[in-house]
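The values are calculated or read from the model by the stated rules, or taken from the named source; none is laboratory data. Keep in mind the model is a prediction, meaning the values are calculated, not measured. Cβ: placed from backbone, ideal geometry, glycine included. Neighbour counts: every protein chain shown. For the accessible areas, the whole protein counts, side chains as well, though only heavy atoms, and no ligand, DNA or RNA atoms are used. Shrake-Rupley method; radii C 1.70, N 1.55, O 1.52, S 1.80 Å.
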Amino acid sequence: MKRIAVLVSGGGTNLQALIDAKQRGEIPNGKLALVVSSSPRAYALQRAANAGIPTKVIDRKEFSSNQEMTVALTQLLKEKEIDLVVLAGFMYILTSELVSAYPNAIINVHPALIPSFCGDGFYGLHVHEKALAYGVKVSGATVHFVSEECDGGPIILQKAVSVRSDDTPETLQKRIMEQAEWKILPQAVCLFCDDKLSVEGRVVHISE
């Protein structure tokens, strides 16, 4: 049974998708063992409490740098014997200490089809604003392993979502969450916990 930590900063809708998937029996070999928030006010903490998942706040304001926060976070995850780290709307760039401690064991969900609309500054509604401004007809979501390059790690799963002519950033964001993010994030977590993912260079192989 793999022990999973979910890192959050806000509402925790992707955390809820994982909780729901676990309760439906869709992550049989994983346990949601810890939720870590960068803010004590994140509603995701309430979602975790409702599901009986232990929580911890590592408040960015209490650290002088992202690196100092990352070191404290990495220490916590090791103490809790975490096997998989899931970034689910975590709003801070984590430094190399965490990536070194968890090689190909940190996954992130991004609300676009990487390599489009990703990297520094592409988060939240900004991603969908840029996609609509560019005029793409298809967007979607990507689950990928985390490397030291922002949004640059090997891709695990992607799911496309059609863009409508009357879309706003808000409507596109909602549809991508519902049709893509909330589906492929639990799938990727399940594949990891079932030991079905292997990485070769930039390519993630999924075994049957």
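Scanning segment 67-85 turns up one or more residues that are surrounded by 18 or more Cβ atoms within 10 Å (Cβ to Cβ), within 25 Å of Met177 (Cα to Cα) and not polar (S, T, N, Q). List, please: which pairs have Cβ atoms under 7 Å, are six or more places apart or on different chains, and start with a residue in segment 169-180 that is free of Cβ contacts under 8 Å to residues at least 40 places away in the same chain and open to solvent by 50 Å² or more (accessible area, probe 1.4 Å) and end with one that is of a type outside the set (Gly, Ala, Ser) and in a helix (DSSP H, G or I)? Hits for this filter: zero, empty list. Filtered by the rule that a residue be under 19 Å from Ile106 (Cα atoms) and either in contact with a strand residue (DSSP E or B) (Cβ under 6 Å, 6 or more places away or on another chain) or open to solvent by 10 Å² or more (accessible area, probe 1.4 Å) (or both), segment 29-43 gives Asn29, Gly30, Lys31, Leu32, Ala33, Leu34, Val35, Val36, Ser37.
What's the total number of residues in segment 102-123 that are closer than 14 Å to Ala5 by Cα and aliphatic (A, V, I, L, M)? Write out each step before concluding.
Going through segment 102-123, the residues closer than 14 Å to Ala5 by Cα turn out to be 102, 105-108.
Within this subset, residues satisfying the condition of being aliphatic (A, V, I, L, M) are 105-107.
Residues flagged as closer than 14 Å to Ala5 by Cα and aliphatic (A, V, I, L, M) within segment 102-123 amount to 3.
Candidates in segment 100-119 are the residues that are within 12 Å of Phe145 (Cβ to Cβ) and of a type in the set (S, T, N, Q); of these, the one that is surrounded by the fewest Cβ atoms within 10 Å (Cβ to Cβ) is Asn104.
Is one or more of the residues making up segment 140-157 at pLDDT 95 or above and open to solvent by 80 Å² or more (accessible area, probe 1.4 Å)? Checking segment 140-157: not a single residue is at pLDDT 95 or above and open to solvent by 80 Å² or more (accessible area, probe 1.4 Å).
Is it the case that segment 140-160 has a residue that's among the basic types (Lys, Arg) and not in a strand (DSSP E or B)?
Residues of segment 140-160 among the basic types (Lys, Arg): 159.
Filter once more, keeping what is not in a strand (DSSP E or B): none.
There is no residue in segment 140-160 that is among the basic types (Lys, Arg) and not in a strand (DSSP E or B).
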